[in-house]
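Written out below as structure tokens is the structure these notes cover.
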Amino acid sequence: MCIVDLWCAETQDTERVGEILGRHVFAGTRIDCQGELGAGKTTFARGVLRGLGHPDPRELASPTYALHHCYEGGRLRMNHLDLYRIESTDPLLRQGVLDPLMEADSVALVEWPERLPSESGPPTISVEMAHAVTTGRRLRVTFLPEVHRELLDELIRRT
Ligand SMILES: Nc1ncnc2c1ncn2[C@@H]1O[C@H](COP(=O)(O)OP(=O)(O)OP(=O)(O)O)[C@@H](O)[C@H]1O
Ligand SMILES: [Mg+2]
């Protein structure tokens with residue numbers, strides 16, 4: 001496993017790291033974004049969508065009432081799941097809600113992956129976000145370097 005720690009002083013920095021991932025991810029990638037309320041998960045997701053070349057990443061908002069939003073128009077389709085309002089034992093999780101995670105030709109980004117049932121397995125890339133001072137965030141990106149060699153190079157250039 002490769003672990004890269006990044007400091008994001010501003011909202012835009014977090015979005016830019018997401019953008020780097022969006023440029024490098026392959027079809028079938030699942031990105032898990034973990035962090036407390038307001039940590040910047042949705043901000044990061046918007047960056048990923050930008051990196052995928054979506055024409056209007058601002059479209060991506062917190063899917064407050066919908067668990068799932070799908071964004072077309074970039075290099076790959078992106079499924080955005082926000083599981084905040086669901087318990088890991090919720091039967092909904094076994095009724096197709098997680099089907100977007102299985103799409104081999106898309107990218108999935110999951111906020112609150114802690115809610116996923118254990119049989120969902122590990123993500124391709126995991127991003128942990130922590131509040132530091134008022135605006136700064138620490139990001140820890142974890143992935144297999146042999147799969148994402150170029151991503152690693154670009155993240156290291158940024159540190
Ligand atoms: N360095 C930073 N990185 C990311 N967001 C930041 C940063 N500094 C300040 N912010 C602000 O924190 C907020 C993060 O909100 P965002 O919706 O991305 O968080 P979230 O983790 O998705 O929250 P939720 O758990 O409610 O879904 C935004 O208003 C953003 O502008
Ligand atoms: Mg969010």
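The values are calculated or read from the model by the stated rules, or taken from the named source; none is laboratory data. Everything numeric here is computed off the predicted structure, so don't read it as measured data. Note that we place each Cβ from the backbone using ideal geometry, even for glycine, and neighbour counts take in every protein chain shown.
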Restricting the first residue to segment 47-67 and requiring it to be in a loop (DSSP other than H, G, I, E, B), which pairs with a second residue that is modelled with pLDDT under 95 and among the charged types (D, E, K, R) meet a Cβ separation below 7 Å and a spacing of at least six or different chains?
62/82; 63/82; 67/82
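Return the only residue of 105, 153, 82 being free of Cβ contacts under 8 Å to residues at least 60 places away in the same chain and touching a strand residue (DSSP E or B) at 6+ places or on another chain (Cβ under 9 Å). If you could, list the steps in order and put the result at the bottom.
Values: 105 fails: free of Cβ contacts under 8 Å to residues at least 60 places away in the same chain; 153 fails: touching a strand residue (DSSP E or B) at 6+ places or on another chain (Cβ under 9 Å).
Only one candidate passes the filter, namely 82.
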I'm trying to understand the selection: among the residues of segment 29-49, which are surrounded by fewer than 21 Cβ atoms within 10 Å (Cβ to Cβ) and in contact with a helix residue (DSSP H, G or I) (Cβ under 9 Å, 6 or more places away or on another chain)?
34, 35
Considering residues that are at pLDDT 95 or above and over 21 Å from residue 60 (Cβ atoms), the number found within segment 115-135 is 1
Looking at (1) within 12 Å of ligand 1 (Cβ to nearest atom); (2) part of a helix (DSSP H, G or I), which is the one condition that is false for residue 21?
(1)
Checklist (1) touching a residue at least 24 places away in the same chain (Cβ under 8 Å); (2) within 16 Å of the chain's Cα centre (by Cα); (3) in a loop (DSSP other than H, G, I, E, B) applied to residue 122, failing item
(1)
For segment 138-152, how many residues meet the condition of being under 16 Å from residue 16 (Cβ atoms) and either buried (at least 18 other Cβ atoms within 10 Å of the Cβ) or over 16 Å from the mean Cα position of the chain (by Cα) (or both)?
3
Please name all residue pairs, on different chains or six or more residues apart, with Cβ atoms under 7 Å, provided the first residue is in segment 1-27 and is surrounded by 18 or more Cβ atoms within 10 Å (Cβ to Cβ) and the second residue is assigned to a strand (DSSP E or B) and among the charged types (D, E, K, R).
8/137; 14/137
When you scan segment 94-104, do you find a residue that is within 16 Å of ligand 2 (Cβ to nearest atom), of a type outside the set (A, V, I, L, M) and either surrounded by 17 or more Cβ atoms within 10 Å (Cβ to Cβ) or at pLDDT below 90 (or both), even just one?
no
Would you check if residue 36 is in contact (Cβ under 8 Å) with a residue 24 or more places away in the chain, away from ligand 1 (no atom under 15 Å from the Cβ) and in a loop (DSSP other than H, G, I, E, B)?
no
